[in-house]
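Please read the structure below before turning to the comments.
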């Protein structure tokens, strides 16, 4: 372990020792503590061993549960004796070579999904904000990134050319848009290569005595993209590692918008792991990012609704869905710049998709027919909004509608709805779609395994697989 990471590790080992002592004093097992807080017992085990940090928002709850008198509220921070935020970012998080973390060869992007100016896709220009900046085309941007890499490798001084910043921003947007439609394997190599250049830039700025805030801001966004690609491939541990890296870089470069979207991705990831406690903790941390940003609190309520649904807490789920709909008309100009996907038809799609998922999960946990019926309506509305969006989005929503119909007691319509997208769902390679299909299949087989439509559904699945 690098010497500059040892203090942080020692701090977490000490916190884990204290947690173990208070847990034993309370006469509780790791499983009992995990069950009470909504975490798997292995999470508690890893915290006690100093192998991971306490999940966001869990420390006060641990302190109250174990009656530790405040001793467990103080989360260790080994950074007090290292006050420089840029130094901290590179020393603590650095650029760690993660498995499946992308390639090393810079690849020229295509015109597909390429922006013409900034702001775009929720990304403002790091140098000029929302003033409106033209960006180079794919070929010019690629040449600038290659030239930047060559200068960094040769140790030559790096200027503050705004075209380089605009090129990196456009490249990030271009790869992100292609990642939403293409297979993750085709994107993570090129995106990882650009991230490596970005981190060389950060080190060069730091060595020159300049805070590497812009480069770390880009690093946070590229780490998020790589995490999303790994999540789509079902590599959840690697995805969480990337999100954690991105969250550190976003915090150091003072990017609340990036922190918010990273926390929302962490909510999704923990929910895929069926970790209701973790999903709720990340959603509550999202709410604390910046109360002045309506879009972040709106997202926080949506993700809290989904976490409460996963717990089977109908009151909590409905309360936060209502707050989500209440906040939607309050979006202001800054909200629309930073989160354009929450405005207009895209916003309708995002909210109805989240509501459908929450209500479907609630119906699964409670057997509540009314929740299932509302999930059907929300899924149908989301599909109406998705007419101009990616095919993968429509496949996922079709499966969610089918699953909601199954929860509502209509297996024939569920099978009919899913039949049109089964082939695409199986071949998509996206874990979110795979999870939707798995849930639908389990609901159908649990209640109607002997019915003719469900038998035909299983036969078709076998043939396609």
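Laboratory data are not the source of any read-out in this text; all were calculated from the coordinates shown. Nothing here was measured: the structure is a model prediction, and the numbers come from that model. Please note: Cβ atoms are built from the backbone with ideal geometry, for glycine as well, and neighbour counts cover all protein chains shown.
Once fully extended, how much extra length lies between residue 163 and residue 326, figured as 0.36 nm per residue of separation less the alpha-carbon to alpha-carbon distance? Walk me through the intermediate numbers first.
Details: separation 163, 0.36 × 163 = 58.68 nm, distance 4.08 nm.
So the chain would gain 54.6 nm between residue 163 and residue 326.
Based on DSSP H runs of at least 4 residues, each adding -39500 (n - 2.57), what is the mean residue ellipticity at 222 nm of the chain after dividing by all its residues, to the nearest 500 deg cm²/dmol? List each step's numbers first, then the result.
Working: 22 runs with 315 residues, N = 465.
After summing the helix terms and dividing by residue count, I get -22000 deg cm²/dmol.
Explain nothing, just the number: relative contact order of segment 321-465, from Cα pairs under 8 Å at least 6 residues apart, as a whole percent. List each step's numbers first, then the result.
Values: 156 pairs, mean separation 25.0, N = 145.
The value is 17 percent.
Within segment 339-365, name every residue whose backbone N is under 17 Å away from a label modeled 7 Å from Cα of residue 290 along the Cβ vector.
Inside the label zone: 339-343.
List the relative contact order of the chain as a percent without decimals, with contacts defined as Cα pairs under 8 Å and 6+ residues apart.
Values: 701 pairs, mean separation 48.8, N = 465.
Contact order relative to length: 11 percent.
Considering the values [x] 44; [y] 40; [z] 49, which represents percent of Cα pairs over 30 Å apart as calculated for the structure under consideration?
Here the calculated entry is [z].
Hey, rough spin-label estimate for residue 107 and residue 341, points 7 angstrom out along Cα→Cβ, what's it come to in nanometres?
Output for this residue pair reads 2.1 nm.
Using every alpha carbon pair in segment 186-278, what percent of pairs falls into each 5 Å bin from 0 up to the bin containing the largest distance?
In whole percents, the pair-distance histogram is 3, 16, 24, 22, 18, 10, 5, 2, 1, 0.
Taking 8 Å as the Cα distance limit and 6 or more residues as the minimum spacing, I'd like the relative contact order of segment 100-254 as a percentage.
Details: 224 pairs, mean separation 38.5, N = 155.
Worked out over segment 100-254, it gives 25 percent.
Please list log₁₀ I(q)/I(0) at q = 0.08 Å⁻¹ for segment 100-254, using the Debye equation with identical point scatterers on the alpha-carbon positions.
Those come out to -0.20, one per q.
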